[in-house]
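Nothing in this text is a laboratory measurement; each read-out follows from the coordinates by a stated rule. As the structure is a computational prediction, the values presented were derived from the model and not from experiment.
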Amino acid sequence: MLSDLAMSITGIELVRATRGASAKIARAMNITRSAVSQWDKIPAEAVVVIEQITNIPRSKLRPDLFSPTNMHSVATSLCVAQNPHR
């Protein structure tokens, strides 16, 4: 059942469990550690920065935005937007 537990941990909980991550994220984003600690979930605009700092994949940080299913939908939307006559 450990895998069930691992699946239920949110991205922000993963970040909080990573020693020193909040301070590094705050420095990289030019915000306070207090601001980072107030997040209920990771803001979309912070995902790439946090992925680079923590090596936690963006699909784990924000699976609602970066799951394989969502990535396919986003890619399809971008293709349609770039080629509207398709």
With θ set to phi - 60° and the Karplus curve 6.51 cos²θ - 1.76 cosθ + 1.60, what are the ³J(HN,Hα) couplings of region 47-55 in order, to the nearest whole Hz, using x for Gly and Pro?
4, 5, 4, 5, 4, 5, 6, 9, 6
Can you list the HN-Hα couplings for region 17-34, worked out from phi with the Karplus curve (6.51, -1.76, 1.60; θ = phi - 60°), rounded to whole Hz and with x for Gly and Pro?
7, 8, 4, x, 5, 4, 5, 5, 5, 4, 4, 5, 9, 6, 10, 7, 4, 4
Starting from the Cα-Cα distance between Ser59 and Ala28, subtract it from 0.36 nm times their residue separation and give me the gain in nm to one decimal.
9.1 nm
